[in-house]
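Working notes, beginning with the structure itself.
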Amino acid sequence: MEGNSLIMRRSTLAAVAVAGSAALLLAGCSKADNSTDGTPKSAGADAATKGVVNASTQKGGTVTYAMSDVPDSFDPGNTYYAYMYNFSRLYARPLMTFQPGAGEKGNTLVPDLAESKGVSSDGGKTWTYKIRKGLKYQDGSPITAKDVKYAVERSNFARDVLSLGPNYFQQFLQGGKDYKGPYKDKNPKGIAAIETPDDYTIAFHLDRAFQEFDYLVATPQTAPVPQAKDTGVDYVKNIVSSGSYQFQSYQDGKQVVLVRNKNWDAKTDPLRQQNPDKIVVNLKVNQSTIDKDLQSGDTLIDLQGKGVETQTQAQLVNDQQKKGNTDNTYGGRLVYAALNTKVKPFDNVECRKAVEYAIDKVSVQTAEGGTIRGDIATTVLPPDITGYQKADVYATPGSKGDVAKAKEHLKACGQTSITTSITARSDRQEEVDAATAIIASLKKVGINATLKQYPSGKYFTDYAGVPKFTEKENVGIMMMQWGADWPSGYGFLQQILNSQAISQSGNTNLSQFENKDVDAKLAQAIAAPDVSERNKLYADIDKTTMDQAVIVPLTYFKVLLYRSPYATNVVSTAAFSGQYDYLNIGTTKK
C-alpha cells in the first residue's frame, strides 16, 4: 500500500489491560519524572521500535493528529494509504487485524470482527469466518455478516464510484470479473461468491487457491457497512462506526473530530482500550508547523507517519535530549521511480535501461534526508519483506550512475535525447527534492524531464494513477513509495506489478506493467501451501521486473518519527510501514 501500502507484534498492551492498576501507577508517575524544562523525560532513541513506550490505561484528554495535506479518504472502503488503514481501525473493525507490538512482532495477525482466523477448505479456495456476537454500531443496531459482505461489494466492485482501494476481492472471487457492484446490482442477494447463511457466518468462494487470505480480510474493506446508511462516495461524510470511536464532525479538507462510541463494548474487543475522550485530526497544516507542534505537545501524532522534514531531522539528531524522543526504523517500503511502459519511448526496454543506469542514487538518497531516511535500493522487494534476495542488475560505481552505459542503452533504443515529465507529490518535499535530483542525473545523458507536482490526496485518483492522464501529459516517470499490503512478497508485489491490478483511476501499477510470466508466478505463489516455494517465486518475480526495467529502486525507506513524551501506548509497527500503531494512543495531557 502506498506508504500506502499496507500493515506488528505481540503486545504488552494485553498485559497492561489485565494489570490496569500497575499501568495507572506508571502513568501517574510520568508527570513527576520530568526533565529540567518541565517536559517528561524521553524513553530513549528507538524505544518504540523495541516495545510499548509509556504503557497506560489512563482515560481522558484529547489526542491531536495533524497532516500536511488531506487523506485520499476516511471511508474505510475507499482508501489505500497505510496511515489510513492504521487510523481507520479506530472506527472501522475489519475481520482480522494486526496486534499492536514493536517492529516485526506487529505483523502478528489477530481476529478483530471475527472470532478466530479463517477456516480454509476446498484446497484454499473457500474461507469461512464466524463474527463475534453482541457487536453493535454506534446507533446500537447489530452488526451482521451481511454488512461485511456489503462492505466488500461496495469497495471492490463499484470502481466507478469508489476507486481508491485495492481490488483483490474482484480479482479472486468467483464471478468477480462480471459482478457490477451493489449500486448497479438489481439482485438484493448480491454476489453469490460471498455467502452469509446466518448473521454470524460469512464464507468467501474464490476461483483459485489463496493461501494468505487472512491477510486480505485484515484490510478495512471488510469493516462492516450497513447498506441502508451507504451514500456511495458521500458515505465519508457520515461514516457509521463499528469501532471504539465515532465521528463527531467531518469538515472536508479541514478537520475531523472523533469521540467515544458509547455502544462499543470492551467485552467484544480484546484489542482496543478507548483511552482519550476525543481525537482531533487537523488537515492541511504546514509540515514545519507539525514538526514544531509535535515537540511542544500541541500535536501528538503526524497522521501520515512519513517522518519529520529534513530540517527538523537535523535539529533532532544533533540534540541528545530530543534524539531520545525519536524512532528510526525500516518501514517495509521502497522509494522508487516507476517508468511508464505505455508512453513512448519508454515502451522500449532499452530506453528504460538508460534511465536505470543514468540515475545517481546517492544524490537521491541525500535529497531525501540521507542514510537516516533510507539505504540505497537495488531490488523491488525491500530486505524486510519475505522473498528478498540481494542483487544489483544495474550496478554503477558508488551507486552514482553511469553516463556511458546510459548513453549506450539510449543509442540501442534509437534515441539521442528524450523529452518527458516526472511527477511527484507537492506536499512531500523530500519526494520533490528526490525528483529534482533525478532530473539532474537524467540531463547528463540527454533525457530532459520536466517536474510536475500534484497533491497526495489526488495523486492516484486524478494524476499519476490515471493512465489516460499520464499518456496525454507525456508522463514517463512517476515518483512512488510503496509498502506491503501485508508482510509477504505477494502483499508487496501484487498491486504494483500484476496486470490485473491496472485500473483507470486509483491505479497503483503505475508502470502499467503487463508481463505474463510475472502474472503467472504471482498466481502460482499465492496458491502454493509451502512458504519457501512462495518466497522463491517472489524472488524470481523481482528479477524479471528488474530485467524489464519498469521500476528504478531508489531507497529502502526508513522513517524518523518524533515520539511525543505526552503520548501513551506508543509503539512503532512493521504492519503500517514503521508508523506508530494508532489503535490505543492516549495522552497524559488534560
- Okay, strands (runs of 3 or more DSSP E) sitting entirely in the range 124-213 with 2 or more residues that are small (Gly, Ala, Ser) and open to solvent by 10 Å² or more (accessible area, probe 1.4 Å), I get none
- Task: Would you check if residue 70 is modelled with pLDDT of 95 or more and either touching a Lys or Arg at 6+ places or on another chain (Cβ under 6 Å) or open to solvent by 10 Å² or more (accessible area, probe 1.4 Å) (or both)?
- Result: no
- Under the condition of being surrounded by fewer than 24 Cβ atoms within 10 Å (Cβ to Cβ) and modelled with pLDDT of 90 or more, which residue from the range 100-113 is farthest from residue 264 (Cα to Cα)? 108
- Message: Of the conditions (1) in contact with a strand residue (DSSP E or B) (Cβ under 6 Å, 6 or more places away or on another chain); (2) crowded, with 21+ Cβ neighbours inside 10 Å; (3) not in a loop (DSSP other than H, G, I, E, B), residue 308 satisfies every one except a single condition; which number is it?
- Response: (3)
- Query: Among the residues of the range 60-89, how many are under 18 Å from residue 462 (Cβ atoms), outside any loop (DSSP other than H, G, I, E, B) and of a type in the set (Gly, Ala, Ser)?
  - Reply: 0
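In the range 430-539, which helices (runs of 4 or more DSSP H) lie fully inside it and hold 1 or more residues that are open to solvent by 10 Å² or more (accessible area, probe 1.4 Å), under 27 Å from residue 160 (Cβ atoms) and charged (D, E, K, R)? Spell out the reasoning first.
Numbers: elements: 467-472, 489-497, 516-527.
Answer list for the range 430-539: 467-472, 516-527.
Output yes when any residue across the range 311-320 is part of a loop (DSSP other than H, G, I, E, B) and either closer than 26 Å to residue 73 by Cα or among the aliphatic types (A, V, I, L, M) (or both), and no when none is.
Looking only at the range 311-320, we keep the residues that are part of a loop (DSSP other than H, G, I, E, B), and these are 318-319.
Keeping just the survivors that are either closer than 26 Å to residue 73 by Cα or among the aliphatic types (A, V, I, L, M) (or both) gives none.
No, because not a single residue in the range 311-320 is part of a loop (DSSP other than H, G, I, E, B) and either closer than 26 Å to residue 73 by Cα or among the aliphatic types (A, V, I, L, M) (or both).
Please specify each residue of the range 380-429 satisfying the condition of being in contact with a helix residue (DSSP H, G or I) (Cβ under 9 Å, 6 or more places away or on another chain) and in a strand (DSSP E or B). Walk me through it before giving the result.
Our first condition is that a residue be in contact with a helix residue (DSSP H, G or I) (Cβ under 9 Å, 6 or more places away or on another chain); within the range 380-429, this holds for 380-382, 384-389, 391-394, 396, 398-418, 420-429.
Matches in the range 380-429: 418, 420, 421, 422, 423, 424, 425.
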- Task: Identify the single condition in (1) more than 29 Å from residue 589 (Cβ to Cβ); (2) under 23 Å from the mean Cα position of the chain (by Cα); (3) surrounded by fewer than 19 Cβ atoms within 10 Å (Cβ to Cβ); (4) modelled with pLDDT of 90 or more that residue 51 does not satisfy, given that it satisfies every other one.
- Result: (1)
- Do you know which residues across the range 228-251 are in contact with a Pro (Cβ under 9 Å, 6 or more places away or on another chain) and assigned to a strand (DSSP E or B)? 245
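Only one residue in 581, 519 is at pLDDT 95 or above and within 24 Å of residue 478 (Cα to Cα), so which one is that?
519
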- Could you list all residues from the range 280-294 that are within 19 Å of residue 587 (Cβ to Cβ) and either touching a Ser or Thr at 6+ places or on another chain (Cβ under 7 Å) or open to solvent by 20 Å² or more (accessible area, probe 1.4 Å) (or both)? 280, 282, 285, 290, 291, 292, 293, 294
- Top-ranked residue of the range 540-554 - restricted to ones that are crowded, with 21+ Cβ neighbours inside 10 Å and among the β-branched types (Val, Ile, Thr), ranked as nearest to residue 209 (Cα to Cα): 541
- Query: When residues of the range 227-242 are filtered for being open to solvent by 20 Å² or more (accessible area, probe 1.4 Å) and within 25 Å of residue 132 (Cβ to Cβ), how many remain?
  - Reply: 5
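Filtering the range 337-379 down to residues that are assigned to a strand (DSSP E or B) and surrounded by 23 or more Cβ atoms within 10 Å (Cβ to Cβ), which residue is modelled with the lowest pLDDT? If you could, list the steps in order and put the result at the bottom.
Kept after step one, since they are assigned to a strand (DSSP E or B), are these residues of the range 337-379: 337-339, 374-376.
After this cut, where a residue has to be surrounded by 23 or more Cβ atoms within 10 Å (Cβ to Cβ) as well, the list is 337-339, 374.
Values: 337: 98, 338: 98, 339: 98, 374: 92.
Filtering the range 337-379 for residues that are assigned to a strand (DSSP E or B) and surrounded by 23 or more Cβ atoms within 10 Å (Cβ to Cβ), the one modelled with the lowest pLDDT comes out as 374.
The values are calculated or read from the model by the stated rules, or taken from the named source; none is laboratory data. Bear in mind the structure is a predicted one, so any value in this text is a computation, not a measurement. As a convention, Cβ positions derive from the backbone with ideal geometry for all residues, glycine included, and neighbour counts pool all protein chains shown. The area values use the complete protein model at the heavy-atom level, side chains included, leaving out ligands, DNA and RNA. Shrake-Rupley method; radii C 1.70, N 1.55, O 1.52, S 1.80 Å.
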